[in-house]
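The values are calculated or read from the model by the stated rules, or taken from the named source; none is laboratory data. From a predicted model like this one, the values you see are computed outputs, not experimental measurements. Using ideal geometry, Cβ is built from the backbone for each residue, glycine included, and neighbour counts are taken over all protein chains shown. These area figures cover heavy atoms from the full protein model, side chains too; ligands, DNA and RNA do not enter into them. Shrake-Rupley method; radii C 1.70, N 1.55, O 1.52, S 1.80 Å.
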Amino acid sequence: MPTDTPTPDAPTPQPPRALPAAVLWDMDGTLVDTEPHWIAAEHALMARHGASWSHEQALQLVGSALPDSGRLLAAHLAAEAGVHLDPGAIVAELIAEVVHQVSASVVWRPGALRLLRELGERGVPCALVTMSYRSLAGTVAALVPGAFAVVVAGDEVERGKPHPDPYLRAAALLGVDPGDCVVLEDSAPGVASGEAAGCRVVACPHMVPIPAAPGRSRVASLAELDADALGRVAAGGVIDSLAGA
């Protein structure tokens, strides 16, 4: 029977929100809080050989490629204590100690596991891109089985961060355009690496501050982010909760 009562319009279907083609995660200081382990291992190394090592000196190595750190530590030992060690042996010793510490107990950065889980549920592939070597990267990745489609470790690239090679390799392995990816980083070398690769970068400073820059997003914690926020960053938006802080 005809009726004069108007029927409400059906809701217009909304297109799905755009998401990043992939999210490329730094590990030390971004996903897991391993930086204190690295610093403690450096201090122990120096103390064993009678050399001084300050917290400020340790912070200068945060995010750096391990071969670079090994060479700097070797030069410091030679100058301070007259001890000559192979940089590669120094790196191997540090990695073994950090792997031991992480195997005993791991501290996840705030918001990291929730965000990693949400990205998986929404079908966004993730890569772990770290200057730590495969022995440590594999140990951490194994704690979240299936979360990372790709792992790029520091001993698998010719040039480490701040060069673009690690993030370019991750994007290539995933089969995506770096410009469609979002990088999550906590250090200046890592941010520089992601930006040089042409990725959109969200800096989440931990041990060292990250300055503002055009097009650079910054958050105080990964807990501020979700998949949709990363989608807006991938589309060219900027999030900066540290502006004016």
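Worth a mention:
- Computed over the alpha-carbon atoms, the stretch 14-69 gives an Rg to Rh ratio of 1.27, Rh here being the Kirkwood radius from the mean inverse distance.
- Note that the chain shows a convex hull volume over its alpha carbon atoms of 156 Å³ per residue.
- Two-decimal Rg/Rh across the stretch 101-196, once Rg and the Kirkwood Rh are taken from alpha-carbon atoms: 0.94
- Shown here for the stretch 13-108: GluC sites (Glu not before Pro) in loop regions (DSSP other than H, G, I, E, B) with at most 11 other Cβ atoms within 10 Å, of which there are none.
- In the context of the full set of protein chains, residues of the chain present 46 Å² of accessible surface per residue (probe radius 1.4 Å, heavy atoms only).
- Within the stretch 67-90, backbone nitrogen closer than 18 Å to the virtual label 7 Å beyond the Cα of Arg159 toward Cβ: 67-69
- The stretch 67-142 and the stretch 216-245: distance between their alpha carbon centers, rounded to Å: 25
- Among Pro145, Pro164, Pro178: highest mean-square fluctuation, GNM of the chain, C-alpha pairs under 10 Å: Pro145
- For the chain, with all protein chains in place and a probe radius of 1.4 Å, 56% of the accessible heavy-atom surface sits on carbon or sulfur.
- Assigned charges on the beta-carbon of Lys, Arg, Asp, Glu; the chain dipole about Cα centre (debye): 80
- Calculated from the alpha-carbon coordinates, the stretch 122-172 shows an Rg and a Dmax of 10.9, 33 Å respectively.
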